[in-house]
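Have a look at the structure below, then the notes.
The values are calculated or read from the model by the stated rules, or taken from the named source; none is laboratory data. Computed from a prediction, not measured in an experiment: that's the story for all the values here. Here the Cβ positions follow ideal geometry from the backbone for every residue, glycine too, while neighbour counts run over all protein chains shown.
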Amino acid sequence: MILSEEEILMRLKELNMIIPVKYYDVTASTNAAVKSLRSERGENLLVAAGRQTAGRGRNGRSFQSEFGGAYFSFTFSPNAENTTAQLYGSIMLSALAVRSVMEEKGIDCSIKWPNDVLCGGKKLCGILSEVVYDRDYPDYMVIGMGINVNNPLDGLGDIAVSMKEIAGKEFDVAEIIAAVVRRFFEMLIDKDFSVMDEYKKYCATLGKNVKVSRPDGEFYGFAEDLDSRGLLVVRTSDGKRQSVSCGDVSIREVLS
Ligand code: BTN
């Protein structure tokens with residue numbers, strides 16, 4: 001199936017979802033493209049690409065993005081009343097949306113805090129969320145997702161996996177993109193949906209010994225809980241608890 005704007009729009013329409021879509025065969029990064037188009041057009045939209053030449057990951061890493069994967073970014077504007085909760089919640093929500101669609105496709109996933117989606121301990125999807133400020137206030141949020149669908153994972157076989165490898169068949173990339181975006185917005189507006197409770201059910205980092213690396217040094221501890229904002233609460237051997245944010249740390253599980 002060739003990925004195109006029409007194909008994505010058709011899949012979204014099947015799910016009763018309307019959002020402007022822009023598709024590029026090749027672009028540097030869909031996160032960069034969606035921000036530039038949003039500032040030009042002043043409306044929320046979805047940008048997808050067949051391949052990225054400078055795909056970006058968290059903590060300044062790059063993200064390998066060969067043809068066959070789902071590389072897409074979308075924007076949304078938080079409600080005025082609960083901006084902070086929505087911003088933190090949307091980081092967790094984005095991983096939950098992917099996990100839920102994978103379950104529908106028969107693929108069982110867990111979430112590595114804050115928002116890597118794993119299958120059998122290998123990364124199936126990476127998510128880069130960004131907040132764009134207008135002066136001092138959050139203006140809109142960007143959720144950028146890279147899902148390994150049918151793409152080759154040259155050199156990454158030990159740490160990453162694709163849907164094709166897991167299921168032994170190819171998937172329709174436009175259908176996956178549409179389903180994930182739809183699920184994200186469905187969960188976002190569902191007042192009865194507890195992001196925190198749902199996230200804790202699937203977060204593989206909780207209950208593990210972890211190594212926290214910060215620019216100013218590293219420490220080991222036990223990933224005990226999430227605080228009300230979704231930060232990871234790590235207990236160190238002296239009993240102290242520290243909330244760590246994904247912005248300044250990288251978390252690695254350690255063997256106990
Ligand atoms: C990570 O694993 O560190 C996050 C990876 C996020 C990759 C996606 S692919 C679509 C969007 N565009 C980017 O440049 N990055 C995100």
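Brief remarks follow.
- Scanning region 2-33 for residues that are of a type in the set (D, E, K, R) and either within 13 Å of the ligand (Cβ to nearest atom) or crowded, with 19+ Cβ neighbours inside 10 Å (or both) turns up GLU7, ARG11.
- For region 179-193, the condition of being within 12 Å of the ligand (Cβ to nearest atom), buried (at least 22 other Cβ atoms within 10 Å of the Cβ) and not basic (Lys, Arg) holds for at least one residue.
- Criterion violated by GLY60 - all others in (1) modelled with pLDDT of 95 or more; (2) more than 8 Å from the ligand (Cβ to nearest atom) satisfied: (1)
- Test result for ILE147, β-branched (Val, Ile, Thr), more than 15 Å from the ligand (Cβ to nearest atom) and touching a residue at least 12 places away in the same chain (Cβ under 8 Å): no
- Subset of region 34-51 that is within 11 Å of the ligand (Cβ to nearest atom) and without any contact (Cβ under 8 Å) to a residue 60 or more places away in the chain - its residue that is surrounded by the fewest Cβ atoms within 10 Å (Cβ to Cβ): ARG51
- Here LYS13, LYS22 are screened, and the one residue that is within 19 Å of LEU128 (Cβ to Cβ), of a type outside the set (Phe, Trp, Tyr) and modelled with pLDDT of 95 or more is LYS22.
- Strands (runs of 3 or more DSSP E) completely within region 99-204 that count 1 or more residues being more than 30 Å from GLY42 (Cα to Cα): 110-112, 116-119, 122-134
- Looking across region 60-76, the residues that are outside any loop (DSSP other than H, G, I, E, B) and either over 14 Å from the mean Cα position of the chain (by Cα) or among the aromatic types (Phe, Trp, Tyr) (or both) come down to GLY60, SER62, TYR71, PHE72, PHE74, PHE76.
- Qualifying positions in region 29-59 - within 28 Å of ILE251 (Cβ to Cβ) and outside any strand (DSSP E or B): SER29, THR30, ASN31, ALA32, VAL34, LYS35, ALA54, GLY55, GLY57, ARG58, ASN59
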